[in-house]
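Asks: Please find one structure pasted underneath; my questions will follow.
Laboratory data are not the source of any read-out in this text; all were calculated from the coordinates shown. Every value quoted in this text rests on a predicted model; they were computed, and no experiment measured them. Backbone-built Cβ (ideal geometry, glycine too); neighbour counts: all protein chains shown.
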C-alpha cells in the first residue's frame, strides 16, 4: 500500500480487544464511473465475523452504513496527482462534513432493540450482514473526469454492542460498551472516472438552444398522426426532498395523447420508440429546465458532457418491437393516452429558497414510429443505440413531431 495512504490507517487487526467479537468490514463499488450516465455510486458494505473467532457466543451491534460508514472518518477517498512525468502521489480528497447530513457523526446514544431493525444486527462466527447505500454527494461531486482514485476503509469502532441474540435483547436498551468493537482497515479499491472526451472547451460559447417547437408550426397533414404532450407538477419544491443519491428531485407527470389527423380515414393504432420521453434533459430537444434570473427565464445549461459525445461508447443492440421485452416501445390507439413520471434531479448547485424554475417538453421528432399495434410487429427488428439507428429515416414514413408542452412553474421552499 502506498506510504501516503498507509499513514491514514487508524485501526488494524492488532487493535482488537481480547474478549470481543472479531469483526471486519469490506465494501464493494464498481471500478469505473461514467459521469455522463451514472448519477450515483452504489456501495455495498459488509460486516463479517471471523469463522475462527475464539468467542463462540452470538453478538448484536448497531451500525448505520450512512452515519457510521461515512460519518466517523473511517471511509476515505484519495485522488492520484501526477508528479513530474513518470511519478504520482495520492492526495486525500477534503470533505467538509457540514455539507451533508449523510456525514453526521456516529451516535453514542443508547438504542432500544426492536423486533426488527435495519441497523441492529446479530452475528455468529462465520456469518455476515450487508447494506447497499449511495456514495454521499459531497464525494460524488468531487470526482473529476479522467482521474484515478483509491477508496479505503481506514478503520473504525462500534460502541453499541453486546453479547447475546436479538431475541434476548428485544425491547431492551443497547448501551455503549467498553471496550468498543474494532473494524480494522480493509484493502483499498481502485476507481476510475471515465474521461468525458468533450470538445466543449474547443468550440467556444455554446450555440443558442433551439426554441420550443410550437404546435402551430408543426406539420399536421400528410397522413401523420398527432401526438400532444401535457405535463403537471407541484407548485413548490422542498430543499428537504432528496433522492437516494442525495440529489434534489422534482416529480413531473407527463401525459401523451394520440388523436388522428383530420385527413386520416383509418383510425389505426401506432407504435413508437419512447427514448425521447425517457432521455436526460437536453438543450437540443426533449425536456428542459429554466431558471428565473433578474426577472428573465434562462435555460439551465447542464454539464457539457451531456451536450457532446453523449454516446461515446456505441453499443448498438437489436430489439424486436413486437416482443418489447425491455419496454422500449409503447402503443396507442386514437383517443388513448400514456402517462409517465419524470424526476428532475439536475439542478444548479446554488439553489436557495425563493428560487423559481420552469420545466417543459420543448418538442422533438420521434426517432421511430409505425402504424399498428405490438401484434403487428412481431417480426419487426430495429437497431437501437440510444435512438433507433436502423432503419434510417424511419423506414421512409413521414416525420412525426411532438410539439412543445405547457410549462410547469415551481418555487423552492425550505
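Asks: Let me know the shape class of the range 348-404, please: from the alpha-carbon gyration tensor, a ≥ b ≥ c as square roots of the eigenvalues, rounded when a/c is under 1.5, otherwise prolate if a/b is greater than b/c, or oblate.
Replies: Prolate, since a/c reaches 1.5 and a/b exceeds b/c.
Asks: Still on this structure: Pulled fully out, how much extra length does the chain show between residue 291 and residue 239, if you take 0.36 nm times their separation in residues and subtract their Cα-Cα distance? Can you show the working numbers first?
Replies: Numbers: separation 52, 0.36 × 52 = 18.72 nm, distance 1.59 nm.
That pair, residue 291 and residue 239, stretches by 17.1 nm at full extension.
Asks: For residue 397 and residue 336, FRET efficiency with R0 = 22 Å and r from the beta-carbon atoms, rounded to 0.05?
Replies: That gives a FRET efficiency of 0.65.
Asks: Can you classify the range 1-92 as rounded, prolate or oblate using the Cα gyration tensor, where a ≥ b ≥ c are the square roots of its eigenvalues, rounded means a/c under 1.5, and otherwise it's prolate if a/b beats b/c and oblate if not?
Replies: Oblate.
Asks: To continue, here is another question. Quick check: residue separation of residue 387 and residue 110 times 0.36 nm, minus the Cα distance between them. What number comes out in nm?
Replies: Net length gain for the segment: 94.3 nm.
Asks: Using a ≥ b ≥ c from the Cα gyration tensor of the range 305-414 (square roots of the eigenvalues), is it rounded, prolate or oblate, where a/c under 1.5 gives rounded and otherwise the larger of a/b and b/c decides, a/b for prolate?
Replies: It is prolate, given that a/c is not under 1.5 and a/b is the larger ratio.
Asks: How big is the Cα convex hull of the range 3-193 in projection, averaged over all directions, in nm²?
Replies: 11.9 nm²
Asks: In nm, to one decimal, how far is the modelled label at residue 147 from the one at residue 371, with both set 7 Å along Cα→Cβ?
Replies: Rounded to a tenth, the inter-label distance reads 5.7 nm.
Asks: Would you mind computing, in nm to one decimal, how far apart the modelled labels at residue 124 and residue 378 are, each placed 7 Å from Cα along Cα→Cβ?
Replies: In this crude label model, residue 124 to residue 378 measures out at 5.3 nm.
Asks: If you don't mind, there's one more thing I want to ask. Taking the Cβ-Cβ separation of residue 249 and residue 325 as r and a Förster radius of 35 Å, what is the calculated FRET efficiency to the nearest 0.05?
Replies: 0.75
Asks: Continuing with the same structure: Mean separation of Cα pairs under 8 Å and 6+ residues apart, divided by the residue count of the range 3-193: what relative contact order is that in percent?
Replies: Here the relative contact order equals 36 percent.
Asks: Just subtract the alpha-carbon distance of residue 46 and residue 7 from 0.36 nm times their residue separation and send over the number in nm, one decimal. Walk me through the numbers before you get to the answer.
Replies: Numbers: separation 39, 0.36 × 39 = 14.04 nm, distance 2.40 nm.
This chain segment gains 11.6 nm when fully extended.
Asks: Right, something else. What distance in nm separates the two pseudo spin-label positions at residue 173 and residue 91, each 7 Å out from Cα along the beta-carbon direction?
Replies: Placing both labels 7 Å beyond Cα along the Cβ direction yields 4.8 nm.
Asks: Please give the peptides 279-288, 108-117, 393-402 ranked by average Cβ packing (other Cβ atoms within 10 Å per residue), highest first, as a rough proxy for protection.
Replies: Top to bottom by mean Cβ count within 10 Å: 279-288, 393-402, 108-117.
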